[in-house]
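The values are calculated or read from the model by the stated rules, or taken from the named source; none is laboratory data. The shown structure was predicted, so the numbers you read here are calculated from the model rather than taken from an experiment. Please note: Cβ atoms are built from the backbone with ideal geometry, for glycine as well, and neighbour counts cover all protein chains shown. Please note that ligands, DNA and RNA were not included when accessible areas were found on the heavy atoms of the full protein model with its side chains. Shrake-Rupley method; radii C 1.70, N 1.55, O 1.52, S 1.80 Å.
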Amino acid sequence: MRFLRQCLTIAVKDLRSELRSKEAINASLSFALVILLLFSFAFDPTAEHTREISGGLLWLVFAFAGALILNRSFSRELTNDCLEALIAAPISGSALFLGKALANMLLLLAVEMICLPVFGVFYNARWTGQFPTLLSVTVLATWGLTVIGTMFSALTVNLRLRELMLPALVYPMMIPALMAAMQLTTLLIAGEPIAGEQLVWLRLLIGFDIIFTALALALAETVLVG
Amino acid sequence: MKENNFRRNTLYGLAVLAALLLARNLHVILRGLPDEEEQGAIYRIIFFHLPAFFTAAVCYLLALVSSALYLVKRKARYDALAAAATEVGLAFAAVNLITGMIWARIIWGIWWTWDARLTWALVCWLVYAGYLMLRRAIEDPSERARNSAVLSIFAFVSVALTWKAIEWWRTQHPGPVLRIRGAEGAMDPAMESMIYWNWLALLLVGAVLLAVRMRQEQMAREIDALRRHAHAL
């Protein structure tokens, strides 16, 4: 119970400071919209085409936008040695990690929920058909991305080149979750159910979330405190 | 000094053994074994393609174990072992990828296809390349060791997911051919035993490379310590 309260405190603190400064979320959202625009030049956005690649397109946008949020997650604490203060605070490293991951997930989800309708308008896609399922897949995949991303944000926080390092490290690690999310989203936007052979993607996504959440919680203390 | 000599001699011995075994294997592969019925001469690439992957997998596993050991015991030599194993593993994984591509060009007519197995092998390679990048970027030795050990553990999970994923999807890549993977009679016993012989040879090569790399890491640490010492003076 206390652990959860500590996580929530950290998450609320992160969200509040983000909502006041709007640094990461503004950058992330406008970047996402720019990529959505750029993709329309890469291929002919007819209904047929879009249906085939909608999942891949959306998740690439989300992954790129997410990296901007995740990059800031720990590095924003560097000014005035806030990170030292957080580590010295009477909470465990895993609570700190989980709180930050939670805040990142909510921020990224907000960006995604704005991008989805924009995507629907620009690319003429009907994404509302199976919205509850789509939302659950999105939440699962976003959690996977943020757990990995927050962990790597902590790993690279002290590097001089962290803005360059984080994407190179984090995207290959995210691939299982991204692939699963892309396949499932394409199916859902095309109006097909997730059944039969496609269930393997859902299993992969859930397995990815569970394994990496457990590992991250176990290793957070080591990464943050030493 | 005496210990150093012993180590060096063992290393030379292993290297000579590896070279001899490789030469013998090459002789049998090229002169002893006949062409395969359907593929012709190109099938011989499997004697490097498969053992290279096995050796890379052993290296990745070794990196995982030594990374975990480092986090528990905090001894610099486990960190050196993990770094060396990852580098050697990457080299063998590259051999695996490249030989596979050459084979694919001849048999499938294309260098690459986005088949699950190929994709995952490439993903593993990129993940471990990231590990080496991270090591270069961190200057403080103990922070480098700690953070890269954590990354190595994360990386291995994605390798394991990859390993399972191969069984979940139908792939264009040929299925298991070895008896230990339950493929009874898929391959002539003489050819199958050759795969194991060549695996042994590549493992020996890998062990020699690993030892050389570890020695380098150790020297680099000594030099670093001396430099710090000189700086302090």
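Only residues in region A:144-157 that are within 10 Å of A:Met105 (Cβ to Cβ) count as the first member; pair them with residues that are among the hydroxyl-bearing types (Ser, Thr, Tyr), Cβ under 8 angstrom, at least 6 apart or cross-chain, and list the lot.
Short answer, once both residue conditions are applied: A:Val147/A:Thr213; A:Gly149/A:Ser73; A:Thr150/A:Ser73.
Quick check on this structure: which one of A:Leu202, A:Leu188 is touching a Leu at 6+ places or on another chain (Cβ under 8 Å), open to solvent by 20 Å² or more (accessible area, probe 1.4 Å) and either at the interface with another protein chain (Cβ under 8 Å from one of its Cβ atoms) or in contact (Cβ under 8 Å) with a residue 12 or more places away in the chain (or both)? Full working, then the answer.
Numbers: A:Leu188 fails: open to solvent by 20 Å² or more (accessible area, probe 1.4 Å).
One residue alone meets the criteria, A:Leu202.
When only residues in region A:153-168 that are at the interface with chain B (Cβ under 9 Å from one of its Cβ atoms) and of a type in the set (S, T, N, Q) count, which is surrounded by the most Cβ atoms within 10 Å (Cβ to Cβ)?
Result: A:Thr156.
If I ask for residues that are modelled with pLDDT under 90 and touching a Ser or Thr at 6+ places or on another chain (Cβ under 7 Å), which ones from region A:106-131 would you list?
Result: A:Phe122, A:Tyr123, A:Asn124, A:Ala125.
Of all residues in region B:79-106, which are hydroxyl-bearing (Ser, Thr, Tyr) and free of Cβ contacts under 8 Å to residues at least 24 places away in the same chain?
Going through region B:79-106, the residues hydroxyl-bearing (Ser, Thr, Tyr) turn out to be B:86, B:99.
Passing the criteria: none in range.
What are the residues in region A:89-105 that are buried (at least 24 other Cβ atoms within 10 Å of the Cβ) and polar (S, T, N, Q), if any?
Once the filter is applied, which keeps residues that are buried (at least 24 other Cβ atoms within 10 Å of the Cβ) and polar (S, T, N, Q), region A:89-105 yields only A:Asn104.
For region A:185-206, indicate whether the set of residues that are closer than 21 Å to B:Tyr131 by Cβ and of a type in the set (Gly, Ala, Ser) is non-empty.
No, region A:185-206 has no match at all.
Results for (1) in contact with a helix residue (DSSP H, G or I) (Cβ under 6 Å, 6 or more places away or on another chain); (2) acidic (Asp, Glu); (3) surrounded by fewer than 16 Cβ atoms within 10 Å (Cβ to Cβ); (4) modelled with pLDDT of 95 or more, shown as yes or no for each residue.
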site	(1), (2), (3), (4)
A:Gln6	yes, no, no, no
A:Leu19	no, no, yes, no
A:Ser30	no, no, yes, no
A:Leu33	no, no, no, no
A:Glu48	no, yes, yes, no
A:Gly66	yes, no, no, no
A:Leu70	yes, no, no, no
A:Phe74	yes, no, no, no
A:Leu83	no, no, no, no
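Might you let me know whether region A:134-142 holds any residue that is farther than 24 Å from A:Ser40 by Cβ, exposed (fewer than 15 other Cβ atoms within 10 Å of the Cβ) and within 14 Å of another protein chain (Cβ to nearest Cβ)?
Scanning region A:134-142, I find no residue that is farther than 24 Å from A:Ser40 by Cβ, exposed (fewer than 15 other Cβ atoms within 10 Å of the Cβ) and within 14 Å of another protein chain (Cβ to nearest Cβ), so the answer is no.
Would you check if A:Gln183 is open to solvent by 50 Å² or more (accessible area, probe 1.4 Å), within 17 Å of A:Leu60 (Cα to Cα) and within 12 Å of chain B (Cβ to nearest Cβ)?
Working: open to solvent by 50 Å² or more (accessible area, probe 1.4 Å): yes; within 17 Å of A:Leu60 (Cα to Cα): yes; within 12 Å of chain B (Cβ to nearest Cβ): yes.
So A:Gln183 fits the description; yes.
Okay, residues lined up against (1) at the interface with another protein chain (Cβ under 8 Å from one of its Cβ atoms); (2) buried (at least 18 other Cβ atoms within 10 Å of the Cβ); (3) assigned to a loop (DSSP other than H, G, I, E, B); (4) modelled with pLDDT of 90 or more:
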position	(1), (2), (3), (4)
B:Trp120	no, yes, no, no
B:Trp125	no, yes, no, yes
B:Leu134	yes, yes, no, yes
B:Ser148	no, yes, no, yes
B:Leu151	yes, yes, no, yes
B:Phe154	yes, yes, no, yes
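When you go through A:Ser40, A:Ser30 one by one, which is the residue that is in a helix (DSSP H, G or I) and either among the aliphatic types (A, V, I, L, M) or touching a Phe, Trp or Tyr at 6+ places or on another chain (Cβ under 7 Å) (or both)? Break it down stepwise before answering.
Working: A:Ser30 fails: either among the aliphatic types (A, V, I, L, M) or touching a Phe, Trp or Tyr at 6+ places or on another chain (Cβ under 7 Å) (or both).
Of the residues listed, the single one that is in a helix (DSSP H, G or I) and either among the aliphatic types (A, V, I, L, M) or touching a Phe, Trp or Tyr at 6+ places or on another chain (Cβ under 7 Å) (or both) is A:Ser40.
Just checking, how many residues over region A:89-117 are within 21 Å of A:Leu4 (Cβ to Cβ), part of a helix (DSSP H, G or I) and over 11 Å from the mean Cα position of the chain (by Cα)?
8
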